[in-house]
C-alpha cells in the first residue's frame with residue numbers, strides 16, 4: 001500500500017476529515033464537513049472512494065456521510081453502539097447547534113476490536129468508549145497510523161459529559177492505547193497530529209491514570 005493522508009477541517013470548529021489515499025483509491029475518515037464540498041474535492045482529485053470510517057456518532061464527524069454515501073454508494077463503518085446516534089439530533093449533538101441532525105445513513109456496523117477489510121487494506125478497530133459508547137480508534141499497524149477521533153487529542157482527551165458519554169470508562173479506554181508503540185502517529189478528531197510516545201510523556205490524562 002503506497003499511501004498518504006490529507007486533512008481538511010471546514011468549518012474550523014468541525015472535526016478533521018481525513019483522506020487515506022492509495023494511488024487514486026481513498027478511504028474517508030470522519031466526513032464532518034459539508035458533503036457536497038467533500039464530493040467536489042474528491043472529483044477534482046480524481047479519487048475513487050472505497051468506504052467511510054466513523055470514529056463515533058457526533059454530528060461534526062458524520063455531517064457529510066449521508067451525501068457521500070448516496071453519491072458513491074460506499075459503506076459507512078461505525079461501531080454498533082453508536083448506530084443509534086446517527087439519526088438522532090439530540091444524541092449526536094446537532095440539536096445543540098441548531099442542525100437538523102437526522103442523517104439517513106445506512107451504516108455497516110461492527111463490534112468491539114474487529115478488523116475491517118476494505119479491498120486489500122486491513123484496518124484494526126480499538127473500542128475506546130467514554131466520549132460515546134461506540135467510540136473507536138482505527139489502527140493501521142504497518143503504516144504506524146492511528147485515527148483517534150475524540151478519544152485522544154494532542155495534550156488532551158475528549159469529553160465524557162455529553163449524552164451517552166461515561167467517565168467511568170476513560171481509564172480502561174486509555175489503557176488500550178498505552179500499550180501501543182510510541183512511534184505511532186495519531187490523527188485526532190480535532191487539532192494537530194501527535195504520537196503515542198509524546199502523549200504518554202506529556203498528556204496529563206495518561207499521567208493521572
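The values are calculated or read from the model by the stated rules, or taken from the named source; none is laboratory data. Small disclaimer: the values here were computed from a predicted structure and weren't measured. Quick reminder, even Gly has a Cβ in these numbers, built from the backbone with ideal geometry, and neighbours come from all protein chains shown.
Data overview
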| item | result |
| --- | --- |
| Top-ranked residue of the range 29-46 - restricted to ones that are crowded, with 20+ Cβ neighbours inside 10 Å and part of a loop (DSSP other than H, G, I, E, B), ranked as modelled with the lowest pLDDT | 33 |
| Looking only at the range 73-82, and only at residues there that are in contact with a strand residue (DSSP E or B) (Cβ under 8 Å, 6 or more places away or on another chain) and crowded, with 18+ Cβ neighbours inside 10 Å, the one that is nearest to residue 116 (Cα to Cα) | 77 |
| Hey, residue 114 out of contact with any helix residue (DSSP H, G or I) (no Cβ under 6 Å at 6 or more places or on another chain), without any contact (Cβ under 8 Å) to a residue 40 or more places away in the chain and either buried (at least 18 other Cβ atoms within 10 Å of the Cβ) or within 19 Å of residue 14 (Cβ to Cβ) (or both) or not | no |
| Residues (farther than 22 Å from residue 148 by Cα and touching a helix residue (DSSP H, G or I) at 6+ places or on another chain (Cβ under 8 Å)) located in the range 61-71 | 67, 71 |
| The range 175-192 - residue that is surrounded by 19 or more Cβ atoms within 10 Å (Cβ to Cβ) and under 16 Å from the mean Cα position of the chain (by Cα) and, of those, nearest to residue 206 (Cα to Cα) | 177 |
| Residue check for residue 155: under 22 Å from residue 206 (Cα atoms) and in contact with a helix residue (DSSP H, G or I) (Cβ under 6 Å, 6 or more places away or on another chain) | no |
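A quick yes/no check of all residues on (1) surrounded by 22 or more Cβ atoms within 10 Å (Cβ to Cβ); (2) within 29 Å of residue 71 (Cα to Cα); (3) touching a strand residue (DSSP E or B) at 6+ places or on another chain (Cβ under 7 Å); (4) free of Cβ contacts under 8 Å to residues at least 60 places away in the same chain:
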| residue | (1), (2), (3), (4) |
| --- | --- |
| 103 | yes, yes, no, yes |
| 124 | no, yes, yes, yes |
| 130 | yes, no, no, yes |
| 153 | no, no, yes, yes |
